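A short worksheet on the structure shown next.
The values are calculated or read from the model by the stated rules, or taken from the named source; none is laboratory data. Quick caveat: nothing in here was measured; it's all calculated off a predicted structure. Every residue, glycine among them, receives a Cβ derived from its backbone with ideal geometry; neighbour counts consider all protein chains shown.
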Amino acid sequence: MTGDDTKHLPLEDIHVAAGARFGAFAGWSMPLTYPAGVMKEHLHTREHAGLFDISHMKLFEVSGPEAVAMLNRACPLDAGALEVSQSKLSFFLNEAGGILDDLIVTRLGDIRFMVVANAGNAVADEKHLRALAADFDAKVEPLDRVFLAIQGPEAWAALSRAGIETGSLLFMHGVEPRQNWFMSRSGYTGEDGFEIGLPEADARDLVAKLLGDERVLWIGLAARDSLRLEAGLCLHGQDITPETDPASAGLMWAIPKEIRATGAFIGADALRAAVERGPAQKRVGLKPDGRQPVRAGAALFDVDGNPAGHVTSGGFGPSAGHPVAMGYVATPLGKPGTRVFADVRGTRIPVDINSLPFTPHRYRKG
Amino acid sequence: MATTYFTEDHEWLRVEGGIATVGITDYAQEQLGDLVFVELPATGKKLAKGDTAVVVESVKAASDVYAPVDGEITEANGTLSSDPSLVNSAATGAGWLWKMKLADESQLAGLMDEAAYKAHIG
């Protein structure tokens, strides 16, 4: 189509052949569902192994003598304290402490790091990183890779059958098992699993091997969303935005104590002030009473009908077996079990604050 | 003898004795994916053509189903409250959504027959 800037996955032909239905996400044409459908895809991932093409996400290699100093400026992170192969969730913040993006930073070597960024923010992230790199003896290299995720209790076994041993790799660690490969034990489902960045030719070979294993199914973006929502994981642009800071998002656990106190990262002063004030709102899990889903954007009210917050993500949780949602409520209402009401097309649906995740995480931590 | 009509919004109507049974087509349920909730209308509710009659909710999104003609709801398919997936598995049968008494049968002339609908979805 003329004038269409939609980006296409390098493996799009494989998804077409697999019968994927496509939809637009963050400027990409992405597989939303495959013939199995979102429900089966979701449950299959929790029971066996789901294969996701997440090549819309961006990998950046940051390297150089001052790579640590640069990342410590870019993120509320102690990059120098990371062991080689250790990964950490972190953020790019703006000067107001708002979250520009959430990322995973992995130490590949003494002065080499991998940064994995969200699709929707990849262009802005690259600009941000390059601007910072100008102030440091460090280099930013966006990598041209296919990025696959394989998630679920049988992910490791399927990889093993495909010739990739993952044995000693633990949750939130990443390595370079082959030339131009990056493999981390991480994901966006709450299950044990892996994310692998690799050259296209290698990816085609790996995908063919994995799909030859009856335990592995392609999983689309629709199930990726329901899986991450059940797991209580944030989607940037919905649950966290440049208007939310890590304190109200309940993500301060990702920021080491010393860094909170003395870190010189962008947004440090604003974040310290926000922590001192105490966030007015808090990110919470929301469990609608009954079967009707409550969606992003729905307004929340307290029992007296006063505005209480809003829903940022919502849908149905196939494993939970009931609707699940996430949103922000006034801090005093944030305790699990507190009842609020969501406005759905003019009807007030009772919703209970629920602890996150809805489905227990099953990470391989040791 | 019932006559079946189709709309551009991917609904079907089976009309018999001035009452239309309305549902969504197989094509529509495939596009929507697995349904998890159907918001049904109250019996006796009067609808004008184009009004939202039912909201069907998939895992991911909520979609309106419009009244294809003017009329009054005579029955909603209550089975869908406990098993919304019937719309996926039997869109043109047990997964019907509502029945309505037609206010103006001449509106049916503007709808498609099955052959025209098949051409419409290509």
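What to note about this one:
- If you go through the stretch A:129-155 and keep only what is part of a strand (DSSP E or B), among the hydrophobic types (A, V, I, L, M, F, W, C) and surrounded by fewer than 21 Cβ atoms within 10 Å (Cβ to Cβ), you end up with just A:Leu143.
- Residue in the stretch A:206-216 that is away from every other protein chain (no Cβ under 14 Å), surrounded by fewer than 20 Cβ atoms within 10 Å (Cβ to Cβ) and among the hydrophobic types (A, V, I, L, M, F, W, C) present: yes
- Taking strands (runs of 3 or more DSSP E) as the structural unit, those lying wholly within the stretch B:35-122 and holding at least 2 residues that are of a type in the set (Asp, Glu) correspond to B:71-76.
- With respect to the conditions (1) in contact with a helix residue (DSSP H, G or I) (Cβ under 8 Å, 6 or more places away or on another chain); (2) under 29 Å from A:His322 (Cβ atoms); (3) surrounded by fewer than 15 Cβ atoms within 10 Å (Cβ to Cβ), B:His10 falls short on a single one, namely (3).
- All positions within the stretch A:242-265 that are basic (Lys, Arg) and without any contact (Cβ under 8 Å) to a residue 60 or more places away in the chain: A:Lys257
- Residue tally, condition over 20 Å from the mean Cα position of the chain (by Cα) and among the small types (Gly, Ala, Ser), over the stretch A:46-64: 2
- Count of residues meeting criterion [among the aliphatic types (A, V, I, L, M) and within 14 Å of chain B (Cβ to nearest Cβ)] in the stretch A:10-29: 2
- Of all residues making up the stretch A:65-89, the number that are under 19 Å from A:Trp253 (Cα atoms), in contact (Cβ under 8 Å) with a residue 60 or more places away in the chain and over 20 Å from the mean Cα position of the chain (by Cα): 4
- Residues located in the stretch A:228-249, provided they are in a loop (DSSP other than H, G, I, E, B) and either within 10 Å of A:Met326 (Cβ to Cβ) or among the aromatic types (Phe, Trp, Tyr) (or both): A:Gly232, A:Leu233, A:Cys234, A:Leu235, A:Gln238, A:Asp239
- Every residue from the stretch A:104-125 that is closer than 21 Å to A:Met183 by Cα and touching a Lys or Arg at 6+ places or on another chain (Cβ under 9 Å): A:Ile104, A:Val105, A:Thr106, A:Arg107, A:Phe113, A:Met114, A:Val115, A:Val116, A:Ala117, A:Asn118, A:Ala119, A:Ala122
Yes/no per residue for (1) closer than 23 Å to B:Leu35 by Cα; (2) in contact (Cβ under 8 Å) with a residue 24 or more places away in the chain; (3) among the hydroxyl-bearing types (Ser, Thr, Tyr); (4) more than 12 Å from every other protein chain (Cβ to nearest Cβ):
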| residue | (1), (2), (3), (4) |
| --- | --- |
| B:Ser63 | yes, yes, yes, no |
| B:Val69 | no, yes, no, yes |
| B:Glu75 | yes, yes, no, yes |
| B:Ser81 | yes, yes, yes, no |
| B:Asn88 | yes, yes, no, no |
| B:Ala91 | yes, yes, no, yes |
| B:Ala94 | yes, no, no, yes |
| B:Leu97 | yes, yes, no, yes |
| B:Leu102 | no, yes, no, yes |
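- Qualifying positions in the stretch A:344-366 - surrounded by fewer than 17 Cβ atoms within 10 Å (Cβ to Cβ) and in a strand (DSSP E or B): A:Thr347, A:Arg348, A:Pro350, A:Asp352, A:Arg362
- Applying the condition of being part of a strand (DSSP E or B) and of a type in the set (Val, Ile, Thr) to the stretch A:90-112 and asking which residue is nearest to the chain's Cα centre (by Cα) yields A:Ile104.
- Residue in the stretch A:295-302 that is modelled with pLDDT of 95 or more, assigned to a loop (DSSP other than H, G, I, E, B) and in contact with a helix residue (DSSP H, G or I) (Cβ under 9 Å, 6 or more places away or on another chain) present: yes
- Filter result for A:Thr166 (in a loop (DSSP other than H, G, I, E, B), under 18 Å from A:Met57 (Cα atoms) and among the β-branched types (Val, Ile, Thr)): no
- Checking each residue in the stretch A:107-128 for being surrounded by fewer than 16 Cβ atoms within 10 Å (Cβ to Cβ) and in contact with a Leu (Cβ under 9 Å, 6 or more places away or on another chain) picks out only A:Ala124.
- Sole residue being surrounded by 16 or more Cβ atoms within 10 Å (Cβ to Cβ) and free of Cβ contacts under 8 Å to residues at least 60 places away in the same chain, chosen from A:Ala298, A:Ala268: A:Ala298
- Every residue from the stretch B:30-61 that is small (Gly, Ala, Ser), buried (at least 21 other Cβ atoms within 10 Å of the Cβ) and more than 8 Å from chain A (Cβ to nearest Cβ): B:Ala53
- Sub-7 Å Cβ pairs linking a first residue in the stretch A:305-328 that is without any contact (Cβ under 8 Å) to a residue 40 or more places away in the chain to a second residue that is polar (S, T, N, Q), at least 6 apart or interchain, are A:Gly309/A:Gln281; A:Pro323/A:Gln292, ordered by first then second residue.
- Residue, nearest to B:Leu32 (Cα to Cα), within the stretch A:30-55, restricted to residues that are in a strand (DSSP E or B), of a type outside the set (Gly, Ala, Ser) and away from chain B (no Cβ under 11 Å): A:Pro31
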